[in-house]
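> A single structure is presented below for examination.
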Amino acid sequence: MTMPVTQCLIRLHEEHHQLEDYQGGVPRWCSGCGDNAILTAVQRLCRDEGLAPERTVFVSGIGCSSRFPHYMKTYGFHGIHGRAFPIAQGVKMARPDLAVFVNTGDGDCCSIGAAHWIHAIRYNMNLTAILHDNQVYGLTKKQASPTSPIGTKSNTTPRGSYLQALNPLTVTLGVTNVSFVAQAVDWIPELLYDIVRKAYLHRGFSFVRILQRCPEWLPKQFEPWLHDPGKTLLLTHRDGLAVPPALARTYRNQVEHDPTDLDRAREIASSTDPIPVGILYHNPAVPCYEDVHGVGEVRTAEQVRRGLEAEFDKVTVWPQGGDGARAAA
Amino acid sequence: MNDTATLPRRAAAGEATLLDEHIVEVISDSGEGAQRCGQSLGAIAARTGNGIWTTEIIPAEIQPPARSVAGASGIRIRIGAKRVTNGGDETDLVVAFNEQVLLGRVRAGELKPGAQILLESMWREHRDPAVVRSYTETVERLRASGFRVHEVPLEKECRALVADPRKGKNMFVLGVLCCVYSFDAGLGREQVALTFGKKEGKVVAVNQGLFDAGYAWAAQHLDFRYRIPAVRATVPQIVVNGNTALALGVLASGMDICAMYPITPATSASHFLSDVFEKVGGIVHQAEDEIAACAFAIGASYAGKCAVTITSGPGYSLKQEGIGLAVMAEIPLVVVNVQRGGPSTGQPTKVEQGDLLTAIYGSHGDAPKVVMATADIEDCFYAMITARRIAEAFNTVVVVLSDASLATAQQPFPRPVFDAQWLAPPVDQTPVPADRKPYDWDEVTGIAQRFLPGQPGGMHTVTGLAHDRASKVAYDPEINEEGLRHRSLKVAALQKTLKTPPVFGDPDGDLLVVGWGSTKGVIEEAVGRLRDEGLKVSSLHLTFLQPMASGIGDILRRFRSVLAVEGNWSDRLDDELIDADNRRYSALAMMLRSRYLVDVDCWTQSRGQPIKPSSVVAALRGRLAALSVPA
């Protein structure tokens, strides 16, 4: 069915949104918190991609990062610690028509929710997952997280943390059915936006780890990288990042990386210095769980009745002399 | 009476002993088809018009060693002249494929003194002398103990008809039993055809041949016949176990997402759903763990389609935080707990009613939810429809408690007639008026209409944090209490719609027994037996445990004494340290005592077996004696 041009224009007008249309509550994050940059990038993405606020859901767990949905003017689900992924999967399974994002932190995703994280990758549902990784627990006031570099002093590790940091990128890239992995940093907003956008456009489970500053608990964590652009490795490719010329002049440490090359992606991912920024891996061919095991078309009462009667028929005991033959048939 | 099969005597026509009921067991090693035999016998009895209750006998291991006492696998069928509501007392007649599995049942005290035993006789000629010795000694001992042992050459007789008699003897036994219980042979053959209906005609013919041979053998060699009068069924009935009934109920309720994680004894409900759900547009999501299963269901419910998660005790414990979230955010959710023995891993395949308090009070903070329990197989079906409707009407969590005994028990019930009202309405996608808030709690009922993703103008973020009517995180003292108050009011609003449960027996008297869940049939049978003796005993069965219907306190107060009978633990007063100050009452007794200020006593069993009516009768006699009522 075609639509008259005028109606088309009216609808275009209706569906065009301003940034304010996505701005919810005033963020209560600390000043200088990297979460603010992520929020801005995501609101921009929603506007640019014309996401209808009522058909967009941000699901989060618990932690500073997980306040994110409150600051969006879309639907949101601020869940419980570590469980954002399965909640988001339920939303998506019930309503494939909704755009579903997940905001999670390094404690939420890589510690308490680690089991769900691994399986979220394997399910490969069409979700955009943003890992706000500040390498420390913020809301509970400075405890070491799984991604804290060894030696990180915190309230639970006053003499420095004991273990090597878990690398969320190599973990993700090691899981069956991985389909999109990228890394961004909060202090290069242009690339942050571009990376989040590419993640959104990927159909499947897109995992973006965003290194994010925590000025309150680990104020100096990323200083060396902020002061020396050479410590950041930009991953470029014709199917990958578009690096604006001005940025390219600052961040000269660049490498051409084909995001379909999983082995190379794993090598690059294991580098913590320089920090790789860009699309590490992208494979649009991995099937989505909701496509191979989804809720079918809308159910009608008649469909349910027929399904039910068919099952009843298999277990019905007809009165003797009644319809035994029918049951046998 | 002649108690051996070595001197066969043809039973004269019309010699069948009339019985009100009989309990039959067929037991074997795993994989010998005893359950199929018993299920077919149950169906034949049901079609004849008898009441039946079948209980599976399941070994704890998947492949227990052959001929082992612990490996008994089989089925127990209670056949009655009237409707049968529970598994009953000890077994009257047992067919055993070897003496070891039989010994397991004898040692467990499951056989009536003097019970008839039909025992496969091939072991008498086994090449291993140890087996022969074990067999002959067992037969002698059993006979000495008064059991009437009939040796039956099952495999020998079947070998004439099939190449692998181990596979075929179950239908031979079906023929034997149909003859013993005077069931119509034609009906039996028809049932064999139904049982093997999916297979090719040759398979049906072979099995009908085995059935006929068994029937003829029994007619020739067994000198006893029984007849249990039947009233012909006039309506079609469905015969399924409790877990299948739950799954059919999920289908009928219009829920289309079931998120689960494998756990005994709940999983078979999901097996059934996995098989049939997709045909009508539903799915079973096997999550990575119980927590994820609950969270997935909550996500789906949040998005507009009330979902169900089905589990058992340990899984239920893991879901508690998620259940609290659904309560707090007011998201409808149905949680089924097919209870098993606890605590911890407990007794996975055994029955217990140990999760009532955790269902009502579980999850931290004040998390009011609805808790209901299924009393029989039919209840398992309709409870799912009711649960979904309550969950959506009150935007809350509904916990449905079933248990391991209902999970595998079969009892026919009238084939349900589909009603489109069982289904959920379509997901509301209409715009939300500008002045509306996501938690516009009604002052009286506490109910607020949810806004679903997709509804323009309804955008908000639900949260497990304390929140105001706009769903904004709020720490104000008043707002916190406002939320608590409205969530609690919803339970009261539901309570106002509940009918007072009917009293079984007279409305007043000496003793009232109160129960919930799968013990209903057992309690009512025990109470019925005592009432037949003229004793003033009645019983009350609760479907809703949270909230409880109005009028229950009045009922309790009309009796001299009230006793909760449950399948869970309660301290025994004859233990030296137990006294009135430290005694831990059973779950329901505790609930009733605190709510109604009635001195409710309790009698409980947690032996992992369904409670027998005779045990309840004995317990009730004890209470009546304590009241100085001659019992």
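> Looking only at the stretch B:156-185, how many residues end up being outside any helix (DSSP H, G or I) and closer than 23 Å to B:ALA46 by Cβ?
Result for the stretch B:156-185: 4.
> List pairs: first in the stretch B:200-214 and within 15 Å of B:ALA185 (Cβ to Cβ), second assigned to a helix (DSSP H, G or I) and open to solvent by 60 Å² or more (accessible area, probe 1.4 Å), Cβ under 7 Å, 6+ apart or cross-chain?
Final answer for the pair search is B:GLN208/B:ARG189; B:PHE211/B:ARG189; B:ALA213/B:GLU157.
> Show me the helices (runs of 4 or more DSSP H) entirely contained within the stretch B:512-631 in which 3 or more residues are β-branched (Val, Ile, Thr).
Qualifying helices (runs of 4 or more DSSP H): B:520-532.
> Considering only residues that are more than 11 Å from every other protein chain (Cβ to nearest Cβ), out of contact with any His (no Cβ under 7 Å at 6 or more places or on another chain) and assigned to a loop (DSSP other than H, G, I, E, B), which ones fall in the stretch B:460-477?
Within the stretch B:460-477, B:ALA466, B:ASP468, B:ARG469, B:TYR475, B:ASP476 meet the criteria.
> Out of the residues in the stretch B:533-549 meeting the condition of being closer than 24 Å to B:LEU494 by Cβ and in contact with a Lys or Arg (Cβ under 8 Å, 6 or more places away or on another chain), tell me which one is surrounded by the fewest Cβ atoms within 10 Å (Cβ to Cβ).
B:ALA549
> From B:ALA420, B:ALA404, B:ALA393, B:ALA424, which residue is touching a strand residue (DSSP E or B) at 6+ places or on another chain (Cβ under 9 Å) and either under 20 Å from B:THR267 (Cα atoms) or surrounded by fewer than 21 Cβ atoms within 10 Å (Cβ to Cβ) (or both)? Give the derivation first.
On the way: B:ALA420 fails: touching a strand residue (DSSP E or B) at 6+ places or on another chain (Cβ under 9 Å); B:ALA393 fails: touching a strand residue (DSSP E or B) at 6+ places or on another chain (Cβ under 9 Å); B:ALA424 fails: touching a strand residue (DSSP E or B) at 6+ places or on another chain (Cβ under 9 Å).
It is B:ALA404.
> Please verify whether B:ALA259 is among the small types (Gly, Ala, Ser), within 24 Å of A:PHE77 (Cα to Cα) and crowded, with 24+ Cβ neighbours inside 10 Å, treating the condition exactly as stated.
yes
> What's the total number of residues in the stretch A:255-309 that are open to solvent by less than 80 Å² (accessible area, probe 1.4 Å), part of a helix (DSSP H, G or I) and β-branched (Val, Ile, Thr)?
2
Rundown of residues vs (1) free of Cβ contacts under 8 Å to residues at least 60 places away in the same chain; (2) polar (S, T, N, Q); (3) closer than 24 Å to B:SER402 by Cα, yes/no style:
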{"residue": "B:LEU540", "(1), (2), (3)": "yes, no, yes"}
{"residue": "B:GLN546", "(1), (2), (3)": "no, yes, yes"}
{"residue": "B:VAL565", "(1), (2), (3)": "yes, no, yes"}
{"residue": "B:ILE578", "(1), (2), (3)": "yes, no, no"}
{"residue": "B:CYS602", "(1), (2), (3)": "yes, no, yes"}
{"residue": "B:LYS612", "(1), (2), (3)": "no, no, yes"}
{"residue": "B:VAL616", "(1), (2), (3)": "no, no, yes"}
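> Which one of the conditions (1) touching a residue at least 24 places away in the same chain (Cβ under 8 Å); (2) under 20 Å from B:GLN39 (Cα atoms); (3) in the same structural domain as B:LYS82 (by TED's automatic domain parsing) does B:LEU161 fail to meet, given that it meets all the rest?
With (1) touching a residue at least 24 places away in the same chain (Cβ under 8 Å); (2) under 20 Å from B:GLN39 (Cα atoms); (3) in the same structural domain as B:LYS82 (by TED's automatic domain parsing) applied to B:LEU161, the lone miss is (2).
> Does any residue of the stretch B:201-219 turn out to be among the hydrophobic types (A, V, I, L, M, F, W, C), open to solvent by 10 Å² or more (accessible area, probe 1.4 Å), within 20 Å of A:ASP313 (Cα to Cα) and assigned by TED's automatic domain parsing to the domain that holds B:GLN39?
yes
> Of the residues that make up the stretch B:221-243, is at least one at pLDDT 95 or above, away from chain A (no Cβ under 14 Å) and in a helix (DSSP H, G or I)?
Yes: the stretch B:221-243 contains one or more residues that are at pLDDT 95 or above, away from chain A (no Cβ under 14 Å) and in a helix (DSSP H, G or I).
> Then there is this: Would you check which residues across the stretch B:41-73 are within 14 Å of another protein chain (Cβ to nearest Cβ) and among the small types (Gly, Ala, Ser) and list them?
Passing the criteria: B:GLY42, B:ALA43, B:ALA45, B:ALA46, B:GLY49, B:GLY51.
> May I pose another question? Residues of the stretch B:138-155 being open to solvent by 60 Å² or more (accessible area, probe 1.4 Å) and either assigned to a loop (DSSP other than H, G, I, E, B) or farther than 29 Å from B:PRO113 by Cα (or both), which ones?
Across the stretch B:138-155, the qualifying residue is only B:SER145.
> Output the qualifying pairs, or none if there are none: Cβ atoms under 9 angstrom, residues six or more apart or on different chains, first residue in the stretch A:128-142 and outside the structural domain of A:ALA165 (by TED's automatic domain parsing), second residue β-branched (Val, Ile, Thr) and part of a loop (DSSP other than H, G, I, E, B).
none
> Name the residue that is farthest from B:SER471 (Cα to Cα), counting only residues in the stretch A:47-62 that are away from chain B (no Cβ under 12 Å) and touching a Phe, Trp or Tyr at 6+ places or on another chain (Cβ under 7 Å).
Looking at residues that are away from chain B (no Cβ under 12 Å) and touching a Phe, Trp or Tyr at 6+ places or on another chain (Cβ under 7 Å), I get A:GLU49.
> Give me a count of the residues in the stretch A:42-71 that are over 24 Å from A:ARG83 (Cα atoms) and among the aliphatic types (A, V, I, L, M).
Looking only at that region, the number is 3.
> Here's something else I'd like to know. Taking the stretch B:291-340, which residues are open to solvent by 10 Å² or more (accessible area, probe 1.4 Å) and more than 10 Å from chain A (Cβ to nearest Cβ)?
Scanning the stretch B:291-340 gives B:GLY313, B:PRO314, B:SER317, B:LEU318, B:GLN320, B:ARG340.
> Looking only at the stretch B:427-437, which residues are free of Cβ contacts under 8 Å to residues at least 40 places away in the same chain and open to solvent by less than 60 Å² (accessible area, probe 1.4 Å)?
If the condition is that a residue be free of Cβ contacts under 8 Å to residues at least 40 places away in the same chain and open to solvent by less than 60 Å² (accessible area, probe 1.4 Å), then B:VAL432 is the only one that fits.
> Out of the residues in the stretch B:275-289 meeting the condition of being of a type outside the set (A, V, I, L, M) and open to solvent by 10 Å² or more (accessible area, probe 1.4 Å), tell me which one is nearest to A:ALA301 (Cα to Cα).
By that ranking, first place goes to B:LYS279.
> Let me ask you something else. Mind checking which residues of the stretch B:437-459 are within 14 Å of chain A (Cβ to nearest Cβ) and of a type in the set (S, T, N, Q)?
Of everything in the stretch B:437-459, just one residue is within 14 Å of chain A (Cβ to nearest Cβ) and of a type in the set (S, T, N, Q), namely B:GLN455.
> Here's a follow-up. Look at the stretch B:262-290 and say how many of its residues are outside any helix (DSSP H, G or I) and either of a type in the set (Val, Ile, Thr) or within 11 Å of chain A (Cβ to nearest Cβ) (or both).
11
The values are calculated or read from the model by the stated rules, or taken from the named source; none is laboratory data. Treat the numbers as computed from the prediction; the structure is a model and nothing was measured. Please note: Cβ atoms are built from the backbone with ideal geometry, for glycine as well, and neighbour counts cover all protein chains shown. In case anyone asks, the SASA skips ligands and DNA or RNA and just uses the protein heavy atoms, side chains included. Shrake-Rupley method; radii C 1.70, N 1.55, O 1.52, S 1.80 Å.
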